Amino acid sequence: MPSGNLRIACVVHLEQLQTLWLFSIALVRLSIFMSHNLYIATVEPGSGKSLVVLGLMELLSKRVSQLGFFRPVVKAGPYPNRDIELVRDRYGLAFPYEAFYALTHSEARRLIANGQMDELLKRVMEKYRALERQCDFVLCAGTDTMDIESAFVDNFNAQVANHLAAPLLLVANGQGRDLEALVNTVRTEREAFIEAGCAIAATIVNRVSPSHLSLVQHQLQSVWLGDDPLFVLPEDELLAKPTIAEVAHTVGATLLHGDGDLLNREVLHVKVAAMQIPNFLHHLEEGSLILVPGDRADIVLACLAASFSDHYPNIAGIVLTGGLELAPTVERLLAGFSRWRVPIFSVATDTYETASRVNHVRSHITPANPRRIAAALGLFEANVNINQMAERISVSRSDRMTPLMFEYDLIERAKTHRQHIVLPEGTEDRILQAADILLRRGVVDITVLGDESTIRERIAALGLNLEEAQIIDPFHSEWYDDFAQTYYELRQHKGITFDYACDVMHDISYFGTMMVYQGKADGMVSGAVNTTAHTIRPALEFIRTVPGCSIVSSVFLMCLEDRVLVYGDCAVNPNPNAQQLADIAISSAETAHTFGITPLVAMLSYSTGTSGKGEEVEKVRQATELVRSQRPDLKIEGPIQYDAAIDEQVAKTKLPSSEVAGHATVFIFPDLNTGNNTYKAVQRSANAVAIGPILQGLKKPVNDLSRGCTVTDIVNTVAITAIQAQAIAAAAPPLPALVS
């Protein structure tokens, strides 16, 4: 090969390698964001959501190995949802149909009417997460007024997008809209979703008149706020008009004559033939569907003649109304024209009713219409910057964590490695109801303690199913003697007698805690009936604290509207000293990490940095230094005021160089009085969900319930206890190998 050609070949080869390298980097970049999602929300019906769904699925199918598609609400009926069928067929999504949606519109309406919005959202999340676990990316198509009442649509879409931590793609309808009205609508709807806390990935204004496309783009760009991209798509007549098949299906027409392959042709115009032939021919247009009474053979023959004339357009089809059939001689005539393949249908309804029904037919993109699919993809790719959209999808993943999301994640995490939790207060109805829920969802294995006959009586009265639960009466348990002996050996140095140990082991809290100590359960949850002291005391006596931790403390997981914070200690220690406060901070950071919260620790005080003095400030300062010396890996700041810890703008003024200030996730209060009042104030004033108290610092998890707890509180606390047990098991050293 000549040297010049060799150099060219090398350059080409290097360019190909560079292209492949860049492509592989893009794929790797995308793969880091596992379980990505995007939520499509339309401003109003008829926005062309199916086109956007198809365009995005096409984009993703080239970048993601396992795609998913999900709709929160679909119409019930004899036919499957069109969008679901489209993506299933085109992209080979091998999931059962029921996996692609959460509820039917009738189910959603019933829950909304009964004020059960939380239950509705929980069902959506449950179905979505089941699909998400099997996918690398899930595209969600929201609801509109065709699915549920208009008063709930925008709020519902915003809530679902937030609960799914999905960035939102807003789709607006530009069809036949006045420019000023369109711009105002897009801005208003976009701002409403932003105010609802949604992360906007992009906005698409669809179905804009081609003649106004540049004007709409310019006008919207001139008033656009934010960095999310805006794309404007023109109306496409091919996509806007229904096909003959769609019309025939809607009006219940029967095919009499013509080629079935032509049923995917679009109906561009609808003509009611009530005139004489000369006037009728004057009104013919390309792609017209002719509606005519079945006894007007003259119109049918005129259409036949027009189709062979170079001076008249081609019609899309003919619908014979009134249930009237063509005369046999006319049918014979048509049968002899093999070249004339125009579909002719018959309907039972009269011309007026048929015309009314035809005018309400909507167009859809279906798997059976490859031409329409090609048109939709061409339109999308010509007007949407694919690379920019792909980048936005990857980087726009919401970092919001709503209370419902967090509660659902607790359940899902607890189920991953099923733990055994003992519930000592087995005669309490709320405990039994929570146990029923936990067993039905497969969250944990459960033992309940108490008199067996009383427990079974309550189970029957409540209509529960606790067949999988273990019921143990401490008075009659085969473990009783061993437990009493173990307790005696552990506590005899404190002067207790064996008889006292036997009496103690009749107590449900002591018996349940001993189950945990001996490994017959992985954790315990109590306190719905008993006091905190009654719940914690046994654990303090013989489960004890982890090495290096001087104190058992607690945290609350504070689920705010858009994030989860950790508050400690708000329930156990009235006035910890500096070392105890440092241990609380370290334990709280570890708890945060266990629940997927990056620990950025704020040691709270009434002053920030060196601005204040006093005994309490000094205690916090010493505790902060102790944490830094014991755990130099933790990011911690203190003393710091609450506003500087949580508000980025305040932090820039008070501690501009701090990594924690303005971004704290773990808040350590200097005493119980401050912590307890603060968590309750935030809980009530910010409408936050407070999960806890969660005990920390013990070698094995034991958690306390509030005596006013709900069934949901119990379920959440059991899930938390199971997750703590999982973390302890994961951190435990492996058992020594057996010697053969």
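Tabulated values for the structure
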quantity: Contacts under 7 angstrom Cβ, first residue in region 431-451 being modelled with pLDDT of 90 or more, partner aromatic (Phe, Trp, Tyr), 6 or more apart; calculated: Leu449/Phe511
quantity: Answer from Ala274, Ala327, Ala305 - the residue that is surrounded by fewer than 14 Cβ atoms within 10 Å (Cβ to Cβ), more than 46 Å from the chain's Cα centre (by Cα) and touching a residue at least 60 places away in the same chain (Cβ under 8 Å); calculated: Ala274
quantity: Answer from Arg109, Arg129, Arg123 - the residue that is part of a helix (DSSP H, G or I), within 24 Å of Tyr79 (Cα to Cα), charged (D, E, K, R) and touching a residue at least 40 places away in the same chain (Cβ under 8 Å); calculated: Arg109
quantity: Condition broken by Glu235, with the remaining ones in (1) crowded, with 16+ Cβ neighbours inside 10 Å; (2) without any contact (Cβ under 8 Å) to a residue 60 or more places away in the chain satisfied; calculated: (2)
quantity: Candidate set: region 174-218, residues that are polar (S, T, N, Q) and buried (at least 19 other Cβ atoms within 10 Å of the Cβ); chosen: the one farthest from His163 (Cα to Cα); calculated: Asn206
quantity: Residue match in region 468-479 (condition: under 42 Å from the mean Cα position of the chain (by Cα), buried (at least 20 other Cβ atoms within 10 Å of the Cβ) and within 26 Å of Glu412 (Cα to Cα)); calculated: yes
quantity: So Met558, is it within 30 Å of Ala664 (Cα to Cα) and not in a loop (DSSP other than H, G, I, E, B); calculated: yes
quantity: Residue under evaluation Gly176, criteria (1) of a type in the set (Gly, Ala, Ser); (2) closer than 30 Å to Ser211 by Cα; (3) within 15 Å of the chain's Cα centre (by Cα), criterion not met; calculated: (3)
quantity: Condition broken by Lys241, with the remaining ones in (1) in contact (Cβ under 8 Å) with a residue 40 or more places away in the chain; (2) touching a helix residue (DSSP H, G or I) at 6+ places or on another chain (Cβ under 9 Å); (3) basic (Lys, Arg) satisfied; calculated: (2)
quantity: Of the criteria (1) in contact with a His (Cβ under 7 Å, 6 or more places away or on another chain); (2) at pLDDT below 85, which one Gln726 fails; calculated: (2)
quantity: Pair list, Cβ < 6 Å and 6+ apart or interchain, from region 367-390 residues that are under 12 Å from Asp236 (Cα atoms) to residues that are open to solvent by 20 Å² or more (accessible area, probe 1.4 Å) and at pLDDT below 80; calculated: Ala375/Leu238
quantity: Pro734 being part of a loop (DSSP other than H, G, I, E, B), modelled with pLDDT of 85 or more, open to solvent by 20 Å² or more (accessible area, probe 1.4 Å) and out of contact with any Cys (no Cβ under 7 Å at 6 or more places or on another chain); calculated: no
quantity: Count - residues of region 557-585 that are open to solvent by 20 Å² or more (accessible area, probe 1.4 Å), within 20 Å of Pro639 (Cα to Cα) and among the aliphatic types (A, V, I, L, M); calculated: 0
quantity: Verdict on Val300 being β-branched (Val, Ile, Thr), open to solvent by less than 30 Å² (accessible area, probe 1.4 Å) and without any contact (Cβ under 8 Å) to a residue 40 or more places away in the chain; calculated: no
quantity: Residue, surrounded by the most Cβ atoms within 10 Å (Cβ to Cβ), within region 406-455, restricted to residues that are assigned to a strand (DSSP E or B) and not acidic (Asp, Glu); calculated: Ile421
quantity: Some residue of region 683-692 being of a type in the set (Ser, Thr, Tyr) and under 30 Å from Pro547 (Cα atoms); calculated: no
quantity: Spans of strands (runs of 3 or more DSSP E) in region 638-721 with at least 3 residues β-branched (Val, Ile, Thr); calculated: 689-696
quantity: Elements of type helices (runs of 4 or more DSSP H) in region 174-265, at least 1 residues being out of contact with any strand residue (DSSP E or B) (no Cβ under 8 Å at 6 or more places or on another chain), more than 22 Å from Leu56 (Cβ to Cβ) and not hydroxyl-bearing (Ser, Thr, Tyr); calculated: 179-195, 213-222, 244-251
quantity: Candidate set: region 506-540, residues that are in contact with a Leu (Cβ under 8 Å, 6 or more places away or on another chain) and open to solvent by 10 Å² or more (accessible area, probe 1.4 Å); chosen: the one farthest from Val552 (Cα to Cα); calculated: Ile508
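Yes/no matrix, rows are residues, columns are (1) under 30 Å from Arg187 (Cα atoms); (2) open to solvent by less than 20 Å² (accessible area, probe 1.4 Å); (3) at pLDDT 75 or above; (4) in a strand (DSSP E or B):
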| position | (1), (2), (3), (4) |
| --- | --- |
| Gly4 | no, no, no, no |
| Cys10 | no, no, no, no |
| His13 | no, no, no, no |
| Thr19 | no, no, no, no |
| Ser24 | no, no, no, no |
| Asn37 | yes, yes, yes, yes |
| Glu44 | yes, no, yes, no |
| Gly55 | yes, yes, yes, no |
| Glu58 | yes, no, yes, no |
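The values are calculated or read from the model by the stated rules, or taken from the named source; none is laboratory data. The shown structure was predicted, so the numbers you read here are calculated from the model rather than taken from an experiment. For neighbour counting, all protein chains shown are included, and Cβ atoms are generated from backbone atoms with ideal geometry for every residue, glycine included. When the accessible area is computed, the model is the full protein with side chains, heavy atoms only, and any ligands, DNA or RNA have been set aside. Shrake-Rupley method; radii C 1.70, N 1.55, O 1.52, S 1.80 Å.
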